[in-house]
Amino acid sequence: MADRHLSEVPTLLQESGTGFFSFTLDHDDYYDVMRGALRYGREAGMPTTLFSSSMPEAVLISMMAQLEEPIDHAEMIDCMSDLVMSPKSGDARHVESPRLLEMALLEIRRSLRAAEGPSLIIVDSVNSLLIHNSKPRTMAFLEALYSHVARGGHTLALLHMREAGEEIGIPNLRLISDRVLVLE
């Protein structure tokens with residue numbers, strides 16, 4: 001891992017303030033961007049919710065441990081453990097499948113209500129959401145999520161690989177994002 005964007009992501013989020021931010025990235029940059037967003041939440045002292053629709057919590061926890069990135073400050077909402085029959089730690093909230101976007105939205109809203117003050121929500125993969133849901137359904141979920149984020153003065157970091165940006169359409173992401181950050 002090259003740590004290419006590890007320091008850039010917290011800086012971008014800090015400079016941008018609250019809102020909905022879409023990070024367009026290459027596959028090789030996924031963990032750097034994820035770590036950077038988690039680091040921003042920890043350093044800013046923001047309640048952080050990590051919504052994982054791409055990998056089970058056990059894999060994500062293990063990977064972050066290997067990268068020496070603490071994630072104990074983040075609440076996890078895991079949509080993959082049940083789907084792939086992965087062990088659960090019991091600390092994360094679980095949604096049975098990434099197809100159950102209404103349940104995922106309810107869990108995210110619960111996290112936002114529990115937070116005192118602004119919080120950070122990290123959605124780890126639009127790509128995975130698009131694999132399990134149609135484009136209109138995914139966009140409706142993101143629009144609903146945006147409305148909750150905007151109302152509460154929260155920050156949302158949405159990660160998507162370049163292919164998802166092309167599939168959803170960057171103009172569509174620009175409609176719901178306060179800022180689309182293309183990481184080179």
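The values are calculated or read from the model by the stated rules, or taken from the named source; none is laboratory data. Because the structure is predicted, anything quoted here is derived from the model rather than measured. Counting neighbours? That spans all protein chains shown, and the Cβs are built from the backbone with ideal geometry, glycine included.
Output yes when any residue across the stretch 91-105 is at pLDDT below 90 and within 19 Å of TYR31 (Cβ to Cβ), and no when none is.
Within the stretch 91-105, one or more residues are at pLDDT below 90 and within 19 Å of TYR31 (Cβ to Cβ).
Do we find that SER119 is in contact with a Pro (Cβ under 6 Å, 6 or more places away or on another chain), crowded, with 18+ Cβ neighbours inside 10 Å and either among the acidic types (Asp, Glu) or closer than 20 Å to HIS154 by Cβ (or both) in this structure?
yes
So which of SER86, SER128, SER147 is surrounded by 16 or more Cβ atoms within 10 Å (Cβ to Cβ), small (Gly, Ala, Ser) and either within 28 Å of GLU8 (Cα to Cα) or at pLDDT below 85 (or both)?
Working: SER86 fails: surrounded by 16 or more Cβ atoms within 10 Å (Cβ to Cβ); SER147 fails: surrounded by 16 or more Cβ atoms within 10 Å (Cβ to Cβ).
Going through SER86, SER128, SER147 in turn, just one is surrounded by 16 or more Cβ atoms within 10 Å (Cβ to Cβ), small (Gly, Ala, Ser) and either within 28 Å of GLU8 (Cα to Cα) or at pLDDT below 85 (or both): SER128.
The conditions are (1) in a helix (DSSP H, G or I); (2) modelled with pLDDT under 90; (3) touching a Pro at 6+ places or on another chain (Cβ under 9 Å), and ARG174 fails exactly one of them. Which is it?
Failed condition: (3).
Here is a yes/no grid of residues against (1) under 23 Å from HIS94 (Cβ atoms); (2) surrounded by 20 or more Cβ atoms within 10 Å (Cβ to Cβ); (3) not hydrophobic (A, V, I, L, M, F, W, C):
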| residue | (1), (2), (3) |
| --- | --- |
| PHE21 | no, yes, no |
| ASP26 | no, no, yes |
| ASP29 | no, yes, yes |
| ASP32 | no, yes, yes |
| GLY36 | no, yes, yes |
| LEU50 | yes, yes, no |
| ALA58 | yes, no, no |
